[in-house]
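Colleague: Okay, handing you the structure first.
The values are calculated or read from the model by the stated rules, or taken from the named source; none is laboratory data. Quick caveat, the model's predicted, so the values are computed rather than measured. FYI the Cβ positions are ideal-geometry reconstructions off the backbone, even for glycines, and counts take in every protein chain you see. We work out accessible area using only protein heavy atoms, side chains counted, and drop any ligands, DNA or RNA first. Shrake-Rupley method; radii C 1.70, N 1.55, O 1.52, S 1.80 Å.
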Amino acid sequence: MADETNPAPLHVHDGTVRPDWIDGSGHMYAAYYVVAFGEANDAVLDMLGLGDRYREQTRSAPFLLEMHTTYLREMRDGAGFKVTFQLLQYDQRRLRYFLYMHHADDGHLVATVETAIIHVDLATRKSSDLPDSVLAKLGDIHESHKDLAFPPQAGRGISLS
């Protein structure tokens, strides 16, 4: 269940489709969905305490392991969007989460991305345990997200069937 501390899913980012993000078909070029989700990912890491400041202070950082994007509806120049976050799984070193991009005006789901990251010690370039403070935040978020429906796009591969 959601609570006031961790509403589910968590709103993490707002953005607007920029003119230079438009392709020859008149809609948002696929690569810029990844850029927009990258900005949302930075917001997630900041929220968890794993952003740039953390990296500079600890010489540790999250590394991207895998990302799977689905494109559901087109976005046009100037359209606003909102991105929300759902934690799917985590352990001592890794987390898997899902981001939803909704059109800001009518709320329809535009795109999704499933992401897996691992915590890395930058000195050794090997995985390392997440700090206790981050694990505690993940535990709180997981508790508020445990009853959310599992996203239908999560965990699937590419298929034409």
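Colleague: Give all pairs with beta carbons closer than 6 Å in which a residue from the stretch 7-20 that is in contact (Cβ under 8 Å) with a residue 24 or more places away in the chain meets a residue that is among the hydroxyl-bearing types (Ser, Thr, Tyr); count only pairs at least 6 apart in sequence or on separate chains.
Modeller: Listed pairs, sorted by first residue: ALA8/SER144; PRO9/THR84; HIS11/THR84.
Colleague: Out of the residues in the stretch 49-59 that are touching a helix residue (DSSP H, G or I) at 6+ places or on another chain (Cβ under 7 Å) and touching a residue at least 24 places away in the same chain (Cβ under 8 Å), which is most open to solvent (accessible area, probe 1.4 Å)?
Modeller: Within the stretch 49-59, the match that is most open to solvent (accessible area, probe 1.4 Å) is GLY49.
Colleague: Regarding the stretch 23-38, can at least one residue be identified that is at pLDDT 95 or above, surrounded by 18 or more Cβ atoms within 10 Å (Cβ to Cβ) and small (Gly, Ala, Ser)?
Modeller: Within the stretch 23-38 (the criterion being at pLDDT 95 or above, surrounded by 18 or more Cβ atoms within 10 Å (Cβ to Cβ) and small (Gly, Ala, Ser)), the answer is yes, since at least one residue qualifies.
Colleague: Going by what's in this entry, would ARG156 be described as at pLDDT below 95, within 20 Å of LEU64 (Cα to Cα) and basic (Lys, Arg)?
Modeller: On the way: at pLDDT below 95: yes; within 20 Å of LEU64 (Cα to Cα): yes; basic (Lys, Arg): yes.
Yes, satisfied.
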